[in-house]
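The values are calculated or read from the model by the stated rules, or taken from the named source; none is laboratory data. Predicted, not measured: the structure shown is a model, and the values here were computed from it. Cβ sites come from the backbone with ideal geometry, for glycine too, and all protein chains shown count toward neighbours. Heavy atoms of the whole protein, side chains included, go into the accessibility calculation; ligands, DNA and RNA do not. Shrake-Rupley method; radii C 1.70, N 1.55, O 1.52, S 1.80 Å.
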Amino acid sequence: MRRIAFMNQKGGVGKTTTAVNLGAALASLGQRVLMVDLDPQAHLTLHVGIDPTDLEAASVYDLLTDEGAELDAVLRRVDERLAVVPAEVNLAGAEAELTHAADRQRVLRHKLAPAFDRFDFILIDCPPSLGMLTMNALALADEVIVPMQAQFLALQGLSKLLETVQLVRGGVNPNLSVAGVILCMHEPHTNLSREVVGDLHAFFEQSADQPVPWAGAKVYEPPIRRNIKLAECPSFGQTIFQYEPTCPGARSYMMLAQTLLAESQAEAGSADDQADAPQAPQLHIEVAAPPAPPAPSPPAEPEHSEL
Ligand code: ADP
Ligand code: MG
């Protein structure tokens, strides 16, 4: 089972669109998928047709702030293999309430632990910040995927994000790694995007054998191009596969889901190989200092901090 946090401290980059549609694609490929909405804007919740202003219904807010709240009271089925832990509009308040909780970064992990063997994927949609909600996502996840655009300022944001993941791996969650980035609203034919994608590939290649959480990270294929259908479907409370299953956006997310599944199968295969292989002698290797995250190229426009 894989637990993936879709994380980027910038808003509007494609986190929610990716969590929802990748989740739906994985479910249609036979995987049992749980999506967790950790954004007070509750866009994922809306996207799957659940009303986040219905305060009668339990939500991730209850899991985070009420010790007695249990997962089964919160979890909502979207279809046979797809379930959601919805957000609600006052989730922002949980950020402050959590500051007094014991083991406050692991609250969500403890609450979701009973579901680990009931799902093949848990996909967590993070808010656009690096606060306590995102920390709970990073304590729960074992992988981070970064939806982003191929723009200069995005690289600067990425290095900040990687620093955060490294801190979490040094403390709350030693198993956390960065699986890679997904290029969203991608425009492959501009010089700028080609240059940034080239920088990303170079950076990940350079990090491949370093002791950093993003060793082994990649630029996922295919990128998701700009497709108006993907922007339309949330307002109908539908995934792209319910709304327009043959559009380019749907096809791209389906291919990405297949990429993720192929990764899982390769991982399972190599775990079997390791179990069978004779124990190799242990080598002691001196490791050089990790490379610094990519230096941003000069910004094309004034920077606006999202934090
Ligand atoms: P985030 O969760 O990072 O804030 P969203 O997934 O909500 O980002 O995407 C931001 C906006 O862009 C939304 O209105 C969404 O519908 C739209 N969008 C996302 N991906 C695409 C795409 N590939 N093509 C067109 N619009 C998109
Ligand atoms: Mg979002």
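For the range 239-253, which positions are farther than 10 Å from LYS229 by Cα and part of a helix (DSSP H, G or I)?
Passing the criteria: PHE241, GLN242, ARG251, SER252, TYR253.
Give me the residue from the range 29-48 that is assigned to a loop (DSSP other than H, G, I, E, B) and more than 15 Å from ligand 1 (Cβ to nearest atom) and, out of that set, most open to solvent (accessible area, probe 1.4 Å).
It comes out as ARG32.
Answer yes or no: is there a residue in the range 17-28 that is away from ligand 1 (no atom under 15 Å from the Cβ) and open to solvent by 10 Å² or more (accessible area, probe 1.4 Å).
Yes, some residue in the range 17-28 is away from ligand 1 (no atom under 15 Å from the Cβ) and open to solvent by 10 Å² or more (accessible area, probe 1.4 Å).
What are the pairs with Cβ atoms under 9 angstrom where one residue, in the range 22-37, is on the phi > 0 side of the Ramachandran plot and the other, located anywhere, is of a type outside the set (Ser, Thr, Tyr) and part of a loop (DSSP other than H, G, I, E, B)? Sequence gap at least six, or different chains.
Here the result reads GLY30/ARG81; GLY30/ASP120, each pair linking the range 22-37 to a residue that is of a type outside the set (Ser, Thr, Tyr) and part of a loop (DSSP other than H, G, I, E, B).
Of the numbered conditions (1) of a type outside the set (D, E, K, R); (2) at pLDDT below 95; (3) in contact with an Asp or Glu (Cβ under 7 Å, 6 or more places away or on another chain), THR53 satisfies every one except a single condition; which is it?
Exception for THR53: condition (3).
How many of the residues in the range 42-60 are among the polar types (S, T, N, Q) and within 12 Å of ligand 2 (Cβ to nearest atom)?
Total satisfying the criteria: 1.
If you scan the range 171-206, which residues turn out to be in contact with a Lys or Arg (Cβ under 9 Å, 6 or more places away or on another chain), more than 20 Å from GLY14 (Cβ to Cβ) and open to solvent by 40 Å² or more (accessible area, probe 1.4 Å)?
ASN175
Those residues that are of a type outside the set (Val, Ile, Thr), within 17 Å of PRO147 (Cα to Cα) and away from ligand 2 (no atom under 16 Å from the Cβ), I need them from the range 217-243; list them, please.
ALA217, LYS218, TYR220, GLU221, PRO222, PRO223, ARG225, ARG226, ASN227
Please specify each residue of the range 123-170 satisfying the condition of being over 25 Å from TYR61 (Cβ atoms) and open to solvent by 30 Å² or more (accessible area, probe 1.4 Å).
Matches in the range 123-170: GLN151, PHE152, LEU153, GLN156, LYS160, GLU163, GLN166, LEU167, ARG169, GLY170.
Does VAL144 qualify as being within 16 Å of ligand 1 (Cβ to nearest atom), under 30 Å from ALA69 (Cβ atoms) and not in a helix (DSSP H, G or I)?
Answer is yes for this residue.
Only one of ALA87, ALA83 is open to solvent by less than 60 Å² (accessible area, probe 1.4 Å) and either free of Cβ contacts under 8 Å to residues at least 24 places away in the same chain or in a strand (DSSP E or B) (or both). Can you tell me which?
ALA83
Answer yes or no: is there a residue in the range 194-202 that is within 16 Å of ligand 2 (Cβ to nearest atom), closer than 28 Å to MET35 by Cβ and part of a helix (DSSP H, G or I).
no
Inspect all residues belonging to the range 97-109 and state whether any of them is aliphatic (A, V, I, L, M), within 16 Å of ligand 2 (Cβ to nearest atom) and either closer than 18 Å to GLU143 by Cα or in a strand (DSSP E or B) (or both).
no
Does any residue of the range 91-99 turn out to be within 16 Å of ligand 1 (Cβ to nearest atom) and either buried (at least 19 other Cβ atoms within 10 Å of the Cβ) or under 17 Å from MET35 (Cα atoms) (or both)?
Checked the range 91-99: at least one residue is within 16 Å of ligand 1 (Cβ to nearest atom) and either buried (at least 19 other Cβ atoms within 10 Å of the Cβ) or under 17 Å from MET35 (Cα atoms) (or both).
Residues of the range 207-250 being hydrophobic (A, V, I, L, M, F, W, C), open to solvent by less than 60 Å² (accessible area, probe 1.4 Å) and over 26 Å from LYS160 (Cβ atoms), which ones?
Once the filter is applied, which keeps residues that are hydrophobic (A, V, I, L, M, F, W, C), open to solvent by less than 60 Å² (accessible area, probe 1.4 Å) and over 26 Å from LYS160 (Cβ atoms), the range 207-250 yields LEU230, CYS233, ILE240, PHE241, CYS247, ALA250.
Keeping to the range 13-41, report how many residues are near ligand 2 (Cβ under 8 Å from one of its atoms) and farther than 18 Å from LEU256 by Cβ.
Counting residues in the range 13-41 that are near ligand 2 (Cβ under 8 Å from one of its atoms) and farther than 18 Å from LEU256 by Cβ gives 2.
For residues that are touching a Lys or Arg at 6+ places or on another chain (Cβ under 8 Å) and open to solvent by less than 10 Å² (accessible area, probe 1.4 Å), scanning just the range 1-16, find the one that is farthest from ligand 1 (Cβ to nearest atom).
Checked the range 1-16; the qualifying residue farthest from ligand 1 (Cβ to nearest atom) is MET7.
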